[in-house]
1. Would you say B:Phe100 is at the interface with chain A (Cβ under 9 Å from one of its Cβ atoms) and either over 25 Å from B:Leu256 (Cβ atoms) or in contact (Cβ under 8 Å) with a residue 60 or more places away in the chain (or both)?
2. Check B:Glu206 against each of (1) surrounded by 18 or more Cβ atoms within 10 Å (Cβ to Cβ); (2) within 14 Å of chain A (Cβ to nearest Cβ) and name the one condition it does not meet.
3. Name, by its number, the condition in (1) closer than 26 Å to A:Ala296 by Cβ; (2) in contact with a Gly (Cβ under 8 Å, 6 or more places away or on another chain) that does not hold for A:Phe135.
4. Got at least one residue in segment B:41-50 being in contact with a Lys or Arg (Cβ under 7 Å, 6 or more places away or on another chain), in contact (Cβ under 8 Å) with a residue 12 or more places away in the chain and away from every other protein chain (no Cβ under 14 Å)?
5. List pairs: first in segment A:262-287 and within 14 Å of A:Pro317 (Cβ to Cβ), second open to solvent by 50 Å² or more (accessible area, probe 1.4 Å) and part of a loop (DSSP other than H, G, I, E, B), Cβ under 6 Å, 6+ apart or cross-chain?
6. I'd like to know if segment A:58-66 contains one or more residues that are open to solvent by less than 80 Å² (accessible area, probe 1.4 Å) and free of Cβ contacts under 8 Å to residues at least 40 places away in the same chain.
7. Suppose the filter is under 23 Å from A:Asp331 (Cα atoms) and of a type in the set (A, V, I, L, M, F, W, C); does A:Ile75 pass it?
8. When you look at A:Leu426, is it among the hydrophobic types (A, V, I, L, M, F, W, C), out of contact with any Leu (no Cβ under 8 Å at 6 or more places or on another chain), without any contact (Cβ under 8 Å) to a residue 12 or more places away in the chain and farther than 16 Å from A:Ala227 by Cβ, yes or no?
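The values are calculated or read from the model by the stated rules, or taken from the named source; none is laboratory data. Since this is a predicted model, take the numbers as computed values, not measurements. Reconstructed Cβ throughout: ideal geometry from the backbone, glycine too, with neighbour counts over all protein chains shown. When the accessible area is computed, the model is the full protein with side chains, heavy atoms only, and any ligands, DNA or RNA have been set aside. Shrake-Rupley method; radii C 1.70, N 1.55, O 1.52, S 1.80 Å.
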Amino acid sequence: MKRSIAMACGGAVAVLALAAGLVQPGTAGRPSSAAGGPLQGWTRPASDVGLRYVPGRVLVKFQDRIPAWTVDYWIASYRARKVAHLSAIRTYVLELEGGALVEETVAALNLSPEVEFAEPDYIASALVTPNDPFFGFQYALYNSGQPISIPGSPTGSPSADIKATAAWEETKGDPDVIIAVLDTGVDLLHPDLIRKLSSSGRDFVNDDFDASDDHGHGTFIAGLAAAETDNGQGIAGVAWNCSILPVKVLDANGEGAYSTIAQGITWAALNGARVINLSLGYTENSQTLRDAVKYAYDQGVVLCAGAGNTGSAVEYPAAYDDYCLAVAATDYNDTRPAWSNYGPEVDVAAPGVSILSTYPRGYFGPGSMDYGYADGTSAAAAHVSGLAALIVSLKPFLTPAQVMNIIRYSCDDINAQTYPGSDAFLGYGRINMEKALVPVIIKKKSGA
Amino acid sequence: MPKTGSIVVLAAGLMASILLPTSPLYGQPAGVDLSVKAGVGIEYLNRTLSWDENTFTSGLKGLLFALQAEVEVRKGLSVGIQAGYALSDFGGLIFRELPFSVEYQAGNMGGLYLGGSFKARASISETFDIELTAALDAYFGSRGEWDLEGLAVEGALEGRPFWTRIAVGPVLWYKGLSYYVYPYVQVLYTPLWGSFRMTETVEALEGTEKKAVAGSGRVTISLGVLSEISDAIGIRAEVYAGPRKGGLDIGGSGRLIFSF
């Protein structure tokens, strides 16, 4: 299974042929901190629910026929005082006296013949946007139609993303929820990962407890799932606050025996993982690998695996349909790349084209940035693992089957025009973190 | 939160306190002047609710319509019951333990409204009466059904709300006005409890969450007036304000009373 990763180094494009997991050739480019821009985070308080407005304050616009010199009289008659006048739109900001309630006052004012309209002074919230400088290049998390990487690179379609910013308003995850990254290891000292590691992990290739990455693939995957977020550095991870447990089951060539992978899966399940990311695969079925996946599932672990990048049948372990979410890839326009594997086992899809993430320090040479781009269902699976960790953080009582169904049912059916409903190419569709996590508003039935 | 059993016990206690021999508050012979009143009442209920261990708040708004009957079993002692229909809106209540979290914004839900009260009244001067009142009422919402929209598959929700409220406290009546108009002020301890049971079904996913809620404030101050239009007909109107953390809940009620 030879795969390749395309990355950028010091402005020059460096395409390196690497043996890795499920990574395909991708768009090269160097993220620019200037282009990314610092974005200030702003969090909606958890206790604020329903309509939010400034207590004791209303906005009032008088009818045109009301002379300006009588306005103060009218305001006083409402037992209110003028705080400000938005003269361009002839609207007054009033503060109510005597503890009058906003909703009742607004209702009364709207019945007054001299008032054109009255309304509460609602409070708007900024979407949660982390201050990581490369966040602007992570179209997968929030796609505004921005260039994918360097100037001149393709631009995405707005909203062809997994709605991370809206979902982070509901939860940023629990540090006690651990995502085991079964891969080539993780750069344990990467500045965007070092504070997110639950331990130095387990290395089943060299049989020790130092799961350092000697390849690069695992570091890339770990960053996508749960890089340190809002730390003013690098990228944002999907599972903002969740932890990473590195488990090295692939060697320096990005290859690992099924027995090693099975060992890693059972060890992770017994060592606190609630989510296991498996951005690896092969075409052959194995009872040993299946049993290991089932064991973890039975232990309460959600498993997410890349479907494969060969444009053919879904590989294993993703194809273990009952126990594992098989993840296909989409791009910045919400379309499926031809190399994304397909079959009835595909559950969901997530962005997997031109994905920016962490690379081991020094990977591109001294002084280079520790971030780069790659493609593949590996990246897609990592996004889904991050979402699974957030769901488990918010609702730790759910079973793996329930978490998997929440992820499936909350998808956007982006290929509904050609394949309505669940299909073999994208499953239920591209994951939607907002639908999976943010409360759905129950409205009156139409006609009720 | 009191369960239905607790409500029955409380109601039984209320009845027992009326039926068992008691000392009249102001020395009138007992049980000699039985009078009956009937009425039609409406209340605008407005309370702030807190839930999830006071972490979150939302509103409870409602309209309560009731037929009321009140019997003066002894001089100054009366017992009343009421039954009717109520609309309650739990807008803003969020269920986060369902597989898909949901926020209720579907407006009023109708339901059965029942209540009972006990009053003991005594004259403390020529112009003032003092009354002690204890009341219990409850709303049993009917089942609601909604679609869970926006998902890749169809989903449905089914919910049933409930609340109960106790009101205990003194009422100070002023009798100094002419034309049979009697204003009053009352301070009531009015805890409110409730629950909203919601069941969600989305294909293979199913979950039920019973959300316990409680009134955010527990004391209300009311100003009201009773106007006796004739010997047989009276009108009572009242506005209440309940202070709570960060604001004030304001509601009110009106009643048309027929005396026999």
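1. Numbers: at the interface with chain A (Cβ under 9 Å from one of its Cβ atoms): yes; either over 25 Å from B:Leu256 (Cβ atoms) or in contact (Cβ under 8 Å) with a residue 60 or more places away in the chain (or both): yes.
It is true that B:Phe100 is at the interface with chain A (Cβ under 9 Å from one of its Cβ atoms) and either over 25 Å from B:Leu256 (Cβ atoms) or in contact (Cβ under 8 Å) with a residue 60 or more places away in the chain (or both).
2. The single condition B:Glu206 does not satisfy is (1).
3. Result: A:Phe135 passes all but (1).
4. First, pick out the residues of segment B:41-50 that are in contact with a Lys or Arg (Cβ under 7 Å, 6 or more places away or on another chain): B:41, B:45-46, B:48.
Still in the running and in contact (Cβ under 8 Å) with a residue 12 or more places away in the chain: B:41, B:45-46, B:48.
Retained after the next criterion (residues that are away from every other protein chain (no Cβ under 14 Å)): B:41.
There is at least one residue in segment B:41-50 that is in contact with a Lys or Arg (Cβ under 7 Å, 6 or more places away or on another chain), in contact (Cβ under 8 Å) with a residue 12 or more places away in the chain and away from every other protein chain (no Cβ under 14 Å).
5. A:Ala269/A:Gln299
6. Initial filter on segment A:58-66 (open to solvent by less than 80 Å² (accessible area, probe 1.4 Å)): A:58-63, A:66.
Okay, now just the ones that are also free of Cβ contacts under 8 Å to residues at least 40 places away in the same chain, so none.
Within segment A:58-66, not a single residue is open to solvent by less than 80 Å² (accessible area, probe 1.4 Å) and free of Cβ contacts under 8 Å to residues at least 40 places away in the same chain.
7. Numbers: under 23 Å from A:Asp331 (Cα atoms): no; of a type in the set (A, V, I, L, M, F, W, C): yes.
Taking the combined requirement at face value, the residue does not satisfy it.
8. Details: among the hydrophobic types (A, V, I, L, M, F, W, C): yes; out of contact with any Leu (no Cβ under 8 Å at 6 or more places or on another chain): yes; without any contact (Cβ under 8 Å) to a residue 12 or more places away in the chain: no; farther than 16 Å from A:Ala227 by Cβ: yes.
It is false that A:Leu426 is among the hydrophobic types (A, V, I, L, M, F, W, C), out of contact with any Leu (no Cβ under 8 Å at 6 or more places or on another chain), without any contact (Cβ under 8 Å) to a residue 12 or more places away in the chain and farther than 16 Å from A:Ala227 by Cβ.
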